[in-house]
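The numbers here are math on the coordinates, done by the rules we state, and not lab data. Because the structure is a prediction, the values reported are computed rather than measured. Heads up, the Cβs are rebuilt from the backbone with ideal geometry, glycines too, and the neighbour counts pull from every protein chain shown.
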Amino acid sequence: YSLLSGLYPTAQGAPSLRGTKELLEAYSTMPWLRAVTQKIAHSVAATQWTAWAPTNRKRNRIIQRAALPDRHKMVKQGAELGEWQQLESHPLLDALANANDFLVGPALLRTTQVHMDLVGEAFWIKERNGLGVPVGFWPIPANWIRTTPTPSHRFYGVSFRGWRGDIPDTEITWIVDPDPANPYGRGTGIA
């Protein structure tokens, strides 16, 4: 734990990097940047998501940790042997397909991929139902995230227009491409 106190010497996590807002705005003003990132984002948004479950209801960590080609092969073999079944519906599949009241699933995935390509990180606020299950995701630009959580302050500092507040780390999903020079800081993108 003393190592963590060295990584996070203050109660606040890493602020957004200078120029993040301008990189995200460049998508709207630079046609070549938009063309490249949009091509990748459309490919990601076209992904067909599936969910599989073991028929014996036991978790299989070997498959979970396998490399993607091996995982596909193991699931296919397990499905042929009746050890795995594809789920027709699942709350996560519904949330990915529906996103939220303003965006459909492909728009959420395109926005997320553009954020990843430009600044190396994307954030989703989770919308939950009455049982606490995530039923939707709301993308947030990285420049709206003032600070990230630390072991002593488990909140994201968020600022949008005139609103500022802290949101618990359990309510935001942070998808990040870590900076190799500081893997515990903010993400780094190709822009």
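The table for this structure:
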quantity: Residues Gln77 and Ser159, FRET efficiency given R0 of 45 Å [Cβ-Cβ distance, rounded to 0.05]; calculated: 0.35
quantity: FRET efficiency estimate (nearest 0.05) - Cβ-Cβ, Ser152 to Thr47, R0 45 angstrom; calculated: 0.75
quantity: Size of electric dipole in the chain: Cβ of Lys, Arg +1 and of Asp, Glu -1, about Cα centre, debye, nearest 20; calculated: 240 debye
quantity: Rounded to 10°, Cα long-axis angle of helix 20-29 versus longest principal axis of the chain; calculated: 80 degrees
quantity: Acute angle (nearest 10 degrees) that the helix 31-45 long axis makes with the longest principal axis of the chain, alpha-carbon atoms; calculated: 30 degrees
quantity: Expected 222 nm ellipticity per residue - DSSP helices of 4 or more, -39500 (n - 2.57), all of the chain, to 500; calculated: -11000 deg cm²/dmol
quantity: Dipole of the chain, positive direction: furthest Cα of Asn56, Leu93, Ala122, with charges on the beta-carbon; calculated: Asn56
quantity: Segment 1-156: Lys pairs at Cα distance under 28 angstrom, eight or more positions apart or on different chains; calculated: 6
quantity: Cβ charges +1 (Lys, Arg) and -1 (Asp, Glu), total dipole of segment 85-191, debye; calculated: 340 debye
quantity: Cα shape, segment 125-173, gyration tensor, a/c 1.5 rule; calculated: oblate
quantity: Loop trypsin sites (Lys or Arg not before Pro), segment 58-134 (other Cβ atoms within 10 Å of the site Cβ: 14 or fewer; DSSP); calculated: Lys58, Arg59
quantity: Angle in degrees between helix 68-80 and the longest Cα principal axis of the chain, rounded to the nearest 10; calculated: 30 degrees
